[in-house]
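> Take this structure first; my questions come after.
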Amino acid sequence: VPSSVASATLKITDSTGKTVRTIDLGSQKAGNASFIWDGKNDAGETVPAGTYTFGATSTIDGQSVALITNLPATVNSVTISQTGGELMLNLAGLGSVALSKVQTIGM
């Protein structure tokens, strides 16, 4: 969260883009904010296994703003390109991500 906000909202969508859960995160101070999703939809039903994405928004200076979101993951392996490309982290269940995209390592 770039600055303190009166409210933030998290939306979780399924692989078709349908919103399955909306979570009111309430007011947030500047910095990182944590959340836990229990795997249920807005009706309280457990959703089936699958690929889900999440995004957070807030209103800042009267404008709806998408907030930067991050996800913890386990690194299964590291790939070093033979052509001098970027170091890639191979994440459990998520695929590969460039090291330059990682914001925090460790707990």
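> Looking for whichever is modelled with pLDDT of 90 or more and out of contact with any helix residue (DSSP H, G or I) (no Cβ under 6 Å at 6 or more places or on another chain) here; the options are PRO48, PRO2, PRO72. Which one fits? It would help to see each step written out before you state the result.
Working: PRO2 fails: modelled with pLDDT of 90 or more; PRO72 fails: modelled with pLDDT of 90 or more.
Every option except PRO48 fails the conditions.
> I would also like to ask the following. How do the pairs read when you match residues in the range 46-64 that are in contact (Cβ under 8 Å) with a residue 24 or more places away in the chain with residues anywhere that are loosely packed, with under 10 Cβ neighbours inside 10 Å and of a type in the set (A, V, I, L, M), using Cβ under 9 Å and keeping only pairs 6 or more apart or on different chains?
As it stands, the answer is PHE54/LEU71; GLY55/ALA66; ALA56/ALA66; THR57/ALA66; SER58/ALA66, since those pairs meet every condition given.
> Is the range 13-34 home to any residue that is in contact (Cβ under 8 Å) with a residue 40 or more places away in the chain and touching a Lys or Arg at 6+ places or on another chain (Cβ under 9 Å)?
So far as the range 13-34 goes, yes, one or more of its residues are in contact (Cβ under 8 Å) with a residue 40 or more places away in the chain and touching a Lys or Arg at 6+ places or on another chain (Cβ under 9 Å).
> Here are some conditions: (1) outside the structural domain of GLY106 (by TED's automatic domain parsing); (2) surrounded by 10 or more Cβ atoms within 10 Å (Cβ to Cβ); (3) in contact with a strand residue (DSSP E or B) (Cβ under 8 Å, 6 or more places away or on another chain); (4) not polar (S, T, N, Q). LYS29 meets all but one. Which one does it not meet?
(3)
> Every residue in the range 5-24 that is within 14 Å of ILE60 (Cβ to Cβ) and surrounded by 12 or more Cβ atoms within 10 Å (Cβ to Cβ), please. Full working, then the answer.
The initial filter retains those residues of the range 5-24 that are within 14 Å of ILE60 (Cβ to Cβ), namely 5-9.
Scanning the range 5-24 gives VAL5, SER7, ALA8, THR9.
The values are calculated or read from the model by the stated rules, or taken from the named source; none is laboratory data. Since this is a predicted model, take the numbers as computed values, not measurements. Methodologically, a virtual Cβ is constructed for each residue, glycine included, from the backbone with ideal geometry; neighbour enumeration extends over all protein chains shown.
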